[in-house]
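Every read-out reported here was derived from the displayed coordinates using simple, explicitly stated rules and does not represent laboratory data. These numbers come from a predicted model, not from an experiment. Every residue, glycine as well, gets a Cβ built from its backbone with ideal geometry; the counts of neighbours run over all protein chains shown.
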Amino acid sequence: MNKTYQNDYNLRHKDIQKILIERFGGRDLETYIKSDELTIVISKSNLIKVINFLKEDKDFQFKQLIDICGVDYPNRLERFEIVYHLLSLSLNQRIRVKLSVKDGDMVPSIVSIFEAANWHEREVWDLYGVIFSDHPDLRRILTDYGFEGHPLRKDFPLSGFTQVRYDDAEKRVVNEKVDLVQDFRSFDFESPWEGPEYNNLDKNPDKKK
C-alpha cells in the first residue's frame, strides 16, 4: 500500500469502528485496531445482527466472506475462538470478527447470510468440534468417515487414534489403532533409530558375529 492509501484505509477503519460502537456499543461488542487491522469482538448472541449489518449497510457492504476459522485455548473458560474474515469490495477494506465460546456451546450458523459459510462451518466443526446451530448439513468435511475426535484441538494426540494402511494379506485398505513401536525404544540422541547398543557393537566387532 502507498502512504496515501494506507492513511485512507486507517481512517475508514476508525469510521467503521465509530459507527459500530454507536450502533451496538454497550451490547457485548468491543473493537480495536492492531497492525492496521480492525477487529470486532462480539458475543454469539450478537453474531447474526452484526454480520448482517456489516453485509447490508450501504456504508459498509462487506459482502464477501473470506473464511471462518477456529483457535483453541485449552486453559480458557471460553476455550474456542471463532474468527470471521470479511471483505468489502466497494471500500477495498477487510475486517475481522471474533467471538469466544465454551466447549459444548453452540454458535449460530451464518449460512442464511453467506452461503459460503456452509463449508467453512463444517471445517470448524470437523477440526475443533464447535457446533453451529441451524446449519443445513453439519458433517465432517476434511477427515474420514468414522473419524474419532477433532484433530486441531490442542489435547488431540499428534499421532491420532487410528492409522490407515494397505494390508497385503487382505488386499485392501484397513483402519487400525496407531502402533508406534519407536515410542518404546531406547534413545541416546545420536542414533535414535538404532538404540544405544550400536556404540558397543562398533567397539566390540566380535559381538556382531
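With the simple spin-label model, which puts each label point 7 Å out from Cα in the Cβ direction, the LYS102 to ASN10 separation comes to 4.1 nm.
Take the Cα of VAL71, step 7 Å toward its Cβ, do the same at VAL164, and the gap between the two points is 3.1 nm.
For the residue pairs LYS3/LYS55; LYS14/LYS44; LYS63/LYS102; LYS3/LYS49; LYS49/LYS102; LYS14/LYS49, the alpha carbons lie more than 32 Å apart in LYS3/LYS49. Computing FRET efficiency as 1/(1 + (r/R0)^6) for GLU37 and ARG139, where r is the C-beta to C-beta distance and R0 is 30 Å, gives about 0.40. Backbone geometry of region 99-104 corresponds, through the Karplus equation with coefficients 6.51, -1.76 and 1.60 at θ = phi - 60°, to 3J(HN,Hα) couplings of 9, 10, 9, 7, 4, x Hz, x marking Gly and Pro.
Once you charge only the Cβ atoms, +1 for Lys and Arg and -1 for Asp and Glu, what is the size of the charge dipole of region 1-85 about its Cα centre, to the nearest 20 debye? Before the final figure, lay out each step's value.
On the way: 14 positive and 14 negative charges, 28 e Å.
Taking the Cα centre of region 1-85 as origin, the dipole is about 140 debye.
Counted over region 8-112 with a bin width of 5 Å, the fraction of Cα pairs per bin, in whole percents, is 2, 11, 24, 26, 20, 10, 5, 1, 0. Note: relative contact order over region 1-154, using C-alpha pairs below 8 Å and six or more positions apart, is 17 percent.
Packing here is the average count of other Cβ atoms within 10 Å per residue, and on that basis the peptides 145-157, 128-140, 108-120, highest first, run 108-120, 128-140, 145-157. Summing +1 for each Lys or Arg and -1 for each Asp or Glu among the other residues whose beta-carbon sits under 15 angstrom from that of LEU142 gives -3. Since only GLY129, ILE141, LEU152 are under comparison, the one whose Cα sits farthest along the positive direction of the charge dipole of region 77-159, derived from C-beta charges on Lys, Arg, Asp and Glu, is LEU152.
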